[in-house]
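Enquirer: Take this structure, written in structure tokens, and hold onto it; I'll ask about it next.
The values are calculated or read from the model by the stated rules, or taken from the named source; none is laboratory data. Just so it is clear, the structure is predicted and the values come from calculations on it, not from any experiment. We place every Cβ from the backbone using ideal geometry, glycine too, and count neighbours over all the protein chains shown.
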Amino acid sequence: MAGPSKKRVVCPVVDCEDKFVADTNKKSHYTNVHFTKNPWIAPYRPSMFADMCDEDLDEYTRRTGIVLHSSPHFERPTQSSVFDLMREHNISNDVAIILMLDSLVKKRGGGVCQLFVDHALRCATEQEAMESQNEEVAPPVTTKSLTSKQKAAKRKVAAAAKRSSKK
């Protein structure tokens, strides 16, 4: 049996036992089940099959126990299952957020890169520029000084590089 993501359509033959046919199988269904048994009916045309309405989706669920993705009763994955999938596929939070934004923005005909650029331009106001000038910047973190041996090695490498560049 097909999974809930497979698109289904309604068979045009009124007394069809199957009634709900996978979109990819509609031609073979109509030809093998109906046309070969009754050649007086119209030959197959893709437009014969109708998309399922809400009542059809409910009936399909009652018959099979499967809630199709196109059904208004289909429940999307919960937040915890999304995080489980992220962990399973080793996707970091920031990448997941960017992928979700990308998906949403593409549905509106845009691009996620342009979204970030537009946001940055909106945030870069004169007031923010003034506020950033008044901010105190922390002094750089002091690093451990080099030992005398490390300093000597650094000088040797620099001298060797200088000699090789003269040649």
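Enquirer: Given the options S71, S92, S103, S80, name the one that is hydroxyl-bearing (S, T, Y), modelled with pLDDT of 75 or more and within 30 Å of R8 (Cα to Cα).
Expert: One residue alone meets the criteria, S103.
Enquirer: Anything in segment 57-68 that is modelled with pLDDT under 80 and surrounded by 14 or more Cβ atoms within 10 Å (Cβ to Cβ)? List them, or say none.
Expert: L57, Y60, T61, T64, I66, V67, L68
Enquirer: Applying the selection to segment 47-65, what residues are more than 13 Å from K19 (Cβ to Cβ) and assigned to a strand (DSSP E or B)?
Expert: Result: D51, single match.
Enquirer: Residue pairs, Cβ under 8 Å, 6 or more apart or interchain, first in segment 152-163 and assigned to a helix (DSSP H, G or I), second surrounded by 10 or more Cβ atoms within 10 Å (Cβ to Cβ). List them.
Expert: The qualifying pairs are K154/L146.
Enquirer: What is the one condition in (1) over 19 Å from L68 (Cβ atoms); (2) assigned to a loop (DSSP other than H, G, I, E, B) that K6 does not satisfy?
Expert: In the conditions (1) over 19 Å from L68 (Cβ atoms); (2) assigned to a loop (DSSP other than H, G, I, E, B), K6 misses (1) alone.
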